[in-house]
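Structure, as structure tokens:
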């Protein structure tokens, strides 16, 4: 058991990779489909268990360091030397927060896909790519090495693009996948160039060691600009958001939540860079304001584009951009006051709490919404809201889940969206009232947009063509109900969640010194 | 109009990149803490003459696992996208 | 700035990356776009491998190596990894372009745009 | 399908390409090269065969099933070698000091000993296997698809 805890950071990334390698082999045999499903679920339950014990471990002992290939996992810096040489996994509360989010969503997506994908071709490769995407996201969340971060970023984008283009018989699917991979490749190359710049100056690649040395030279600032640009592209911030609606719209349902989660791991990487890598050594006010502006633009433009969409998934994708703006707004406020201890204690911490809490909330309810949209697509074969109507009679569960998701995204109590949005509103109000008013206005428009779609989709006269439409199969309902349960639980007990997983994550972000010390502590 | 804005942004980016790379250490004289450690200790620690291979497989082994995984992912993706879809048409 | 005469390799690599950025932004032909990305990755790889050069250095392989300093091994390892990554990305992109061509009969990104907004 | 001369020459050349590729893979821990490079050399041979004969012809001997098994096996061997050091740490070079590839070369310049390198030579082989299978599958699938045919599912 102790060994399991010690090696869990490595195993959590290693196991899904190996599962992805084995899945094609299993599927070759007779009764491959059944064996594959059982195998995936056994492996994934074990991974879930590992994530849980690692989370508990990090909660009690603090930052966990795992050095690959050293004599001891904790031996980040070789004996008698002053810089880390090997690849390090550094798991702090923020990483664990992302890990929990990703793992829950992936579990729901896997259960949902069980029936959703039945009868389709190429399923062995499909599940293989899903496990690879999961492994890459966990690696991104855990890694403490810049180049390793780049490698996992690339795995995530290639697997995501392959999944997004899965329905190759539709032209828009391939195009959505192509946009995703082009954007990902360009942003990943920018990250690689930046790694070159940082490596040239300090001759280390570990994030902690870089953070130890960075002092804000002109080259450092150029690197920060390039990194921030690359990650903003990947997380679909507004000037460069064009890929997101296309890709989210076309990806098969089980994978849309995962691609969404992948873009939030890029957001995590952005926070890692701004807080952990640069936080303590440069004045972050300007960067904070840039993040705030990108956030506000995303909120506003996303919601305005969403209102007039007729494709239900496309509408949700634009809302995803808009909700991403809330997270950037919250954390951006925190970043802007990072050097001001009074303001930080007063409202900065709450703002970051809200921004981070919104990540998990948004991933849950947007995943639920995407799943309901695909459930409708699954039964009636169209995503056009004008062609729908009266579906609530036949698809009760889907309608209920849609309502839960819609209320959560609009910030109505007692659902989870309300809890995080309230934190953001309050904190931002103390920072700059105008921003808070914009955020509330965007929330109202969101509510209006989802109400409109609800009426045109689920209520109204029943279309004759859809008289025989049945409720979706059980596994899809189970997948959605896991997320719905999480949403309601988070909405009812926000204090509990904030105290146990969100506030430690905020502390981990703000407290740069402990992140550095976990690796460089022994160095004189 | 968009083209002009794009051109200006591109020129700014180029200028920044040029300015940036000129600030880097002179070509041929890099700082080398980590690399010196590896060059000195690779033979003893990995029992291997080829220091680059030591870095690739031992010191940065996880990157190579990731790289192998990327190749696997791309092959899986390519074969997934170029799959036969006859089966599906029969079903639907 | 005092290193300008010495830093031409870095300048060349950055210029290569910059030119390919122009291709990525302004060219409409999808194959040219892919070529731009390939060029950009070459530029970045050149940049990284040039960072590790040590004046008069040998390849960092101890088998029958002559006397003298060795160039840095880590940038070479990074470049090796990133080359393979780019091969993988290009393979997937080309596959998608073949599909787009199948569907629209064109590889011009303006004409083949089915998705709008 | 190209002319008989080309086909005959390709048939002879493939042996040399295979040998050179295997040499590059096997000596990856002593000389420049390794699994990826050697694998790419061998795949260039496959491409040569594909040009000389036709992709349909090649499909008969390089079936997708075989390539899938080869690729997964290579990846699994690599992952297993990585995890085998878990007694200490994942990716610990557990073979150094054992009879298999465990010799430690004299420090400093030397003429090279094949049985050195710990888990690096086996890993090179695993990666080589993976690269050969993976890239051949990609090249074949693209060529077949462009001709309007598909690899068997």
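The values are calculated or read from the model by the stated rules, or taken from the named source; none is laboratory data. Source: prediction; values computed, not measured. Using ideal geometry, Cβ is built from the backbone for each residue, glycine included, and neighbour counts are taken over all protein chains shown.
So here's what we get for this one:
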quantity	calculated
Answer residue from region A:14-26, given it is closer than 15 Å to residue D:73 by Cβ and at the interface with another protein chain (Cβ under 9 Å from one of its Cβ atoms) and is surrounded by the fewest Cβ atoms within 10 Å (Cβ to Cβ) among those	A:25
Selection status of residue A:139, more than 30 Å from residue C:93 (Cβ to Cβ), within 14 Å of chain B (Cβ to nearest Cβ) and crowded, with 24+ Cβ neighbours inside 10 Å	no
The listed residue being assigned to a helix (DSSP H, G or I), more than 14 Å from chain A (Cβ to nearest Cβ) and touching a helix residue (DSSP H, G or I) at 6+ places or on another chain (Cβ under 9 Å), out of D:66, D:81, D:18	D:18
Qualifying residue in region A:235-245 (condition: at pLDDT 90 or above and not in a helix (DSSP H, G or I))	no
Residue among D:135, D:144 that is surrounded by 24 or more Cβ atoms within 10 Å (Cβ to Cβ), modelled with pLDDT of 85 or more, closer than 15 Å to residue C:94 by Cα and more than 7 Å from every other protein chain (Cβ to nearest Cβ)	D:135
Filter result for residue A:261 (in contact (Cβ under 8 Å) with a residue 24 or more places away in the chain, part of a loop (DSSP other than H, G, I, E, B) and either away from every other protein chain (no Cβ under 13 Å) or farther than 30 Å from residue B:14 by Cβ (or both))	no
Meets criteria (under 24 Å from residue C:62 (Cα atoms), at pLDDT below 90, touching a helix residue (DSSP H, G or I) at 6+ places or on another chain (Cβ under 9 Å) and buried (at least 20 other Cβ atoms within 10 Å of the Cβ)) for residue D:35	yes
Cβ pairs under 6 Å, 6+ apart, first in region A:22-36 and at positive phi, second part of a helix (DSSP H, G or I) and surrounded by 12 or more Cβ atoms within 10 Å (Cβ to Cβ)	none
Test for residue A:65: is it away from chain D (no Cβ under 14 Å), over 29 Å from residue A:126 (Cβ atoms), surrounded by 20 or more Cβ atoms within 10 Å (Cβ to Cβ) and in contact with a helix residue (DSSP H, G or I) (Cβ under 6 Å, 6 or more places away or on another chain)	no
When residues of region C:59-80 are limited to those that are out of contact with any helix residue (DSSP H, G or I) (no Cβ under 6 Å at 6 or more places or on another chain) and more than 7 Å from chain B (Cβ to nearest Cβ), the one nearest to residue A:189 (Cα to Cα)	C:71
Residue count, region C:88-108 (criterion: in a helix (DSSP H, G or I) and either in contact with a strand residue (DSSP E or B) (Cβ under 9 Å, 6 or more places away or on another chain) or crowded, with 21+ Cβ neighbours inside 10 Å (or both))	9
Whichever residue in region A:391-410 is surrounded by 19 or more Cβ atoms within 10 Å (Cβ to Cβ) and at pLDDT below 85 and, among such residues, is farthest from the chain's Cα centre (by Cα)	A:391
Sole residue being over 30 Å from residue C:76 (Cα atoms) and out of contact with any strand residue (DSSP E or B) (no Cβ under 6 Å at 6 or more places or on another chain), chosen from A:119, A:139	A:119
All positions within region A:161-198 that are more than 8 Å from chain B (Cβ to nearest Cβ) and outside any helix (DSSP H, G or I)	A:167, A:170
Candidates B:6, B:47, filtered to the one that is more than 22 Å from the chain's Cα centre (by Cα), facing chain C (nearest Cβ under 7 Å) and either over 18 Å from residue A:86 (Cα atoms) or surrounded by 18 or more Cβ atoms within 10 Å (Cβ to Cβ) (or both)	B:6
Whichever residue in region C:59-80 is more than 24 Å from the chain's Cα centre (by Cα) and assigned to a loop (DSSP other than H, G, I, E, B) and, among such residues, is nearest to residue C:49 (Cα to Cα)	C:69
Some residue of region D:107-119 being within 28 Å of residue A:70 (Cβ to Cβ), outside any loop (DSSP other than H, G, I, E, B) and at the interface with another protein chain (Cβ under 7 Å from one of its Cβ atoms)	yes
Residue in region A:199-223 that is nearest to the chain's Cα centre (by Cα), counting only those that are in a helix (DSSP H, G or I), surrounded by fewer than 21 Cβ atoms within 10 Å (Cβ to Cβ) and more than 9 Å from chain B (Cβ to nearest Cβ)	A:221
Single match in C:83, C:37 (criterion: within 11 Å of chain B (Cβ to nearest Cβ) and either part of a helix (DSSP H, G or I) or surrounded by fewer than 19 Cβ atoms within 10 Å (Cβ to Cβ) (or both))	C:83
Residue list for region A:85-127, filter: within 8 Å of another protein chain (Cβ to nearest Cβ) and at pLDDT 85 or above	A:85, A:86, A:87, A:125, A:126
Complete set of residues in region A:163-209 that are more than 24 Å from residue A:148 (Cα to Cα) and free of Cβ contacts under 8 Å to residues at least 12 places away in the same chain	A:168, A:169, A:171, A:174
Those helices (runs of 4 or more DSSP H) lying entirely in chain B with at least 3 residues on the phi < 0 side of the Ramachandran plot and in contact with a helix residue (DSSP H, G or I) (Cβ under 9 Å, 6 or more places away or on another chain)	B:2-22, B:33-46, B:51-54, B:61-81
Residue in region A:246-262 that is modelled with pLDDT under 85, under 23 Å from residue A:365 (Cβ atoms) and in contact with a helix residue (DSSP H, G or I) (Cβ under 8 Å, 6 or more places away or on another chain) present	yes
Output for region A:34-43, where each listed residue is more than 26 Å from the chain's Cα centre (by Cα) and more than 20 Å from residue B:73 (Cα to Cα)	A:34, A:35, A:38
Test set (1) more than 7 Å from chain B (Cβ to nearest Cβ); (2) in a helix (DSSP H, G or I) - residue C:56 fails condition number	(2)
Condition broken by residue A:56, with the remaining ones in (1) part of a helix (DSSP H, G or I); (2) more than 23 Å from residue A:129 (Cβ to Cβ); (3) touching a residue at least 60 places away in the same chain (Cβ under 8 Å) satisfied	(3)
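Residues are listed down the side, and each one gets a yes or a no for (1) within 14 Å of chain B (Cβ to nearest Cβ); (2) over 21 Å from residue D:146 (Cβ atoms); (3) in a helix (DSSP H, G or I):
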{"position": "D:1", "(1), (2), (3)": "no, no, no"}
{"position": "D:9", "(1), (2), (3)": "no, yes, yes"}
{"position": "D:29", "(1), (2), (3)": "yes, yes, no"}
{"position": "D:43", "(1), (2), (3)": "yes, no, yes"}
{"position": "D:59", "(1), (2), (3)": "yes, no, yes"}
